Amino acid sequence: MSQASERPGRTEIESVSASTTKASAKILVAEDADDLRDAILLVLVEQGYRVQAARDGFEATQMFPDFDPDLVVLDMRMPKMSGPNTCAAIRKTSNLPVIMFTSSNEAEDVREAITKGATDFVLKTTGVSELTERISFHLSKSEAPEAKEKETNARKIASPPIKQKVTTTTLIVDPNEESRSIIKAVLTRLNQNVVEASNAAEAIKTYKTESPDIVISEWSLPDMDAFNMMSELKGGKFDKNLVKGMISARLSPEAQRKASFVGIENFLQKPLSAAKVEMMIANCVRTAIRARKRKSRNAA
């Protein structure tokens with residue numbers, strides 16, 4: 001009988017090494033489905049990674065300190081400890097990339113995982129090849145394993161790093177509370193201030209009192225579209241220093257032209273995914289920091 005059919009789990013498959021060097025990245029995989037876990041392990045080992053696997057979230061937390069991985073892959077729903085709760089435990093000591101490999105893309109599940117520190121989501125329906133691509137992408141953003149430093153007493157999100165210790169304020173405008181919650185969770189974990197509005201009138205009022213650096217809005221609002229709202233934020237004058245982001249399920253060519261006219265440069269298509277939200281937010285925050293510094297220099 002072959003090793004795979006014997007379900008060796010973490011005792012044999014993980015010990016296989018395909019031209020592994022000391023610089024090879026280490027990946028910890030937690031998946032309770034035997035067939036899928038074996039498939040992930042074999043593919044990753046073939047690509048030269050050093051891999052260990054757990055059958056549930058609790059086992060993954062026990063393996064984590066000694067293995068000291070560079071990236072973790074978690075199933076969303078596992079016995080003993082769920083993927084989000086496993087991620088939360090990991091976040092107490094590390095900010096390494098954590099990818100949820102899951103069959104669920106429900107907004108509630110996404111929100112919980114983001115809140116507890118997930119870096120990215122890969123749907124199981126897209127296959128292991130998509131997972132390996134996301135692993136390669138996140139490892140390319142991380143430090144080389146041999147240069148990695150241990151981080152303790154940290155609970156940071158493993159999204160594109162924002163090096164400047166500057167706090168910005170973002171106004172989120174969306175009638176959908178779940179969408180606002182997903183974006184808010186990312187901003188909060190990046191230690192950025194957040195204010196919210198569910199319609200354009202509320203957003204315009206909040207803008208005048210809070211003076212946000214960033215406005216991220218759904219295009220179709222109950223009382224007007226984002227184009228008219230952006231136009232009204234400063235009494236018909238466009239704020240060149242304001243960073244603008246747009247979220248929408250679909251934008252027509254005309255809407256895209258309008259968005260460009262009011263200076264909207266960051267776009268995010270619904271349904272929202274963790275990776276896309278994090279990338280957009282990080283880009284908006286960096287742009288806002290640069291705009292603030294530029295404004296300060298001009299005022300000096």
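The table that follows gives values for the structure above.
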read-out	value
All positions within the stretch 258-268 that are at pLDDT below 80 and on the phi < 0 side of the Ramachandran plot	LYS258, ALA259, SER260, PHE261, VAL262, GLU265
Output for the stretch 15-31, where each listed residue is at pLDDT below 90 and of a type outside the set (S, T, N, Q)	VAL16, ALA18, LYS22, ALA23, ALA25
Leading residue by the ranking (nearest to MET279 (Cα to Cα)) among those in the stretch 113-131 that are touching a Lys or Arg at 6+ places or on another chain (Cβ under 7 Å) and touching a residue at least 40 places away in the same chain (Cβ under 8 Å)	ASP120
Residue that is nearest to ILE99 (Cα to Cα) [pool: residues in the stretch 21-79 that are surrounded by 24 or more Cβ atoms within 10 Å (Cβ to Cβ) and of a type in the set (Asp, Glu)]	ASP75
Unique residue being under 29 Å from GLU108 (Cα atoms), touching a Ser or Thr at 6+ places or on another chain (Cβ under 6 Å) and of a type in the set (A, V, I, L, M) when the list is ILE214, ILE247	ILE214
The stretch 110-150: number of residues that are more than 22 Å from ALA89 (Cα to Cα) and modelled with pLDDT under 75	4
Flag for LYS293 being surrounded by fewer than 19 Cβ atoms within 10 Å (Cβ to Cβ) and either at positive phi or touching a residue at least 12 places away in the same chain (Cβ under 8 Å) (or both)	no
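The values are calculated or read from the model by the stated rules, or taken from the named source; none is laboratory data. Keep in mind that what you see is a predicted model, and the values were worked out from it rather than measured. All Cβ positions, even for glycine, are placed from backbone atoms using ideal geometry, and neighbour counts span all protein chains on display.
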